[in-house]
Amino acid sequence: MNINPKVINIEISLIRQISIKSREYKDVINLTVGEPDLPIPAKIVEETTIYMKNNRMGYPMLGGSLEIREEIINFYNTKYGSSYKVDEAIVTAGATEAISIALKTILNKGDEVLIPLPFYPGYLPNVDLNGGKSIFIDTTTDELQLTVETLKKHITPKTKALILNYPNNPSGAILSKKNLDEIMEFLRDKDIYIISDEIYSEITFNDDFLSVGKYDFLKEKIILINGFSKSHSMTGWRLGYILTSKELRDQLIKVHQYTITSPSVVSEYGGYIALSKCSDMSSYTKEYQKRCEYVYNRLNSMGIVTLKPKGSFYIFGSLANFNLPSSLDFALDLLDTKHVAIVPGIAFGVEGYFRISCTKSVEILKIALDKIENYIKTYRS
């Protein structure tokens, strides 16, 4: 085929591959994709339905309506100590589009993008398609925390951007204030963009998450990304946003326009209701925390060592204590023999781990963990 060879070399993520394969089993428990199972708050659905019935669904304003951008700005500035203005926000078709247009805007051929391990798989193809080179930073020896000392070792004259993803997918780790302060101070005089994917910011268990948005002295270099899929279970609404300086927004919005023009006006209104009338989602966070703590305790009782997540709805377990050939072999064999679908660590750039998505009830998680425990008994070192 006479098409871009970069596209030919890209594969569907292992997360999706295993999720698709799991459909072959009628009684499968699918713990792969990070799609919340909790319902969209009723007020969002009800008020958006009324809006749809009583208004013409025309093209939305480029970059998002003033109403939703005002809500986004008020929410972020109030909760996370940032100082953004309405003309420093872009409403996107999910955080995925936000990541894509950010990298399209800033990357030139040969630019290096620093990505701490473990990473969300969606970053790499976007770096590659836009001519960049992904440089991985191993954090597995630092309890999955990026430190300024480790960061310094990977900076080169070609470094264009650093991608931060905290709370982290797949581990649920959150950068400590000390580490984040030191990293931001180190980057103060560097010509390096900071792309901060904060999509799990609302699912944190001890209120210890700090947004990069509070570091006002770096606003010209920060591209902050968030959305509604995880916080409000609005995955199918495809609604996210970017917060950045006005100067950078003026460039990003060009790429945004010629990529999708705008997200759906219906989704935008749903996001407006989500922030104006349903901003407190703490009850959902408590449910995810209960599930994560249950899975964490069960895995540790089996000898599967894992750091306790501080946010998100994921558990990232280590296979170090077991005689298993690889995380992919483990995941595929577990699916084939026990009909439990999980994601191998190699999907996130690290071997010897696996991810469980706690987007099922504790009752279902118990059944899955019983099966996992039965499976690994024969592989203990």
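The values are calculated or read from the model by the stated rules, or taken from the named source; none is laboratory data. What you see is a predicted model, and the numbers here were worked out from it, not measured in a lab. Here the Cβ positions follow ideal geometry from the backbone for every residue, glycine too, while neighbour counts run over all protein chains shown. Ligands, DNA and RNA are excluded from the accessible area calculation, which covers all protein heavy atoms including side chains. Shrake-Rupley method; radii C 1.70, N 1.55, O 1.52, S 1.80 Å.
For (1) under 26 Å from residue 354 (Cα atoms); (2) open to solvent by 30 Å² or more (accessible area, probe 1.4 Å); (3) small (Gly, Ala, Ser), each residue gets a yes or a no:
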{"site": "233", "(1), (2), (3)": "yes, no, yes"}
{"site": "258", "(1), (2), (3)": "no, yes, no"}
{"site": "262", "(1), (2), (3)": "no, no, yes"}
{"site": "284", "(1), (2), (3)": "yes, yes, no"}
> Within the group 143, 220, which residue is in contact with an Asp or Glu (Cβ under 9 Å, 6 or more places away or on another chain) and in contact (Cβ under 8 Å) with a residue 24 or more places away in the chain?
Replying inline: 220
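Before we move on, is residue 49 under 18 Å from residue 201 (Cα atoms) and surrounded by fewer than 20 Cβ atoms within 10 Å (Cβ to Cβ)? Walk me through how you get there before you give the answer.
Numbers: under 18 Å from residue 201 (Cα atoms): no; surrounded by fewer than 20 Cβ atoms within 10 Å (Cβ to Cβ): yes.
For residue 49, the condition - under 18 Å from residue 201 (Cα atoms) and surrounded by fewer than 20 Cβ atoms within 10 Å (Cβ to Cβ) - is not met.
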>> Suppose we filter 34, 64 for residues that are within 24 Å of the chain's Cα centre (by Cα) and on the phi > 0 side of the Ramachandran plot; which single one remains?
In response: 64
> In this structure, does residue 249 turn out to be at pLDDT 95 or above, among the charged types (D, E, K, R) and on the phi < 0 side of the Ramachandran plot?
Replying inline: yes
>> Please verify whether residue 312 is under 18 Å from residue 139 (Cβ atoms), touching a Pro at 6+ places or on another chain (Cβ under 7 Å) and polar (S, T, N, Q), treating the condition exactly as stated.
In response: yes
> Looking at region 137-252, what strands (runs of 3 or more DSSP E) fall wholly within it and have at least 1 residues that are farther than 28 Å from residue 35 by Cα?
Replying inline: 159-165, 193-197
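Give the residue that is least open to solvent (accessible area, probe 1.4 Å), with candidates limited to residues of region 329-381 that are in a helix (DSSP H, G or I) and among the hydroxyl-bearing types (Ser, Thr, Tyr). It would help to see each step written out before you state the result.
Step one: of region 329-381, the residues in a helix (DSSP H, G or I) are 329-338, 345-348, 362-379.
Retained after the next criterion (residues that are among the hydroxyl-bearing types (Ser, Thr, Tyr)): 337, 375, 378-379.
On the way: 337: 72, 375: 19, 378: 111, 379: 65 Å².
This residue is 375.
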>> Being among the basic types (Lys, Arg), touching a residue at least 40 places away in the same chain (Cβ under 8 Å), in contact with a helix residue (DSSP H, G or I) (Cβ under 9 Å, 6 or more places away or on another chain) and loosely packed, with under 14 Cβ neighbours inside 10 Å is the requirement here; does residue 6 meet it?
In response: yes
> Of the residues in region 109-144, how many are buried (at least 18 other Cβ atoms within 10 Å of the Cβ), of a type in the set (D, E, K, R) and at pLDDT below 95?
Replying inline: 0
> Residues of region 313-328 being touching a Ser or Thr at 6+ places or on another chain (Cβ under 8 Å) and crowded, with 17+ Cβ neighbours inside 10 Å, which ones?
Replying inline: 313, 314, 315, 316, 317, 318, 319, 322
>> Please pick out the residue among 106, 68 that is touching a helix residue (DSSP H, G or I) at 6+ places or on another chain (Cβ under 6 Å), open to solvent by less than 30 Å² (accessible area, probe 1.4 Å) and of a type outside the set (Phe, Trp, Tyr).
In response: 68
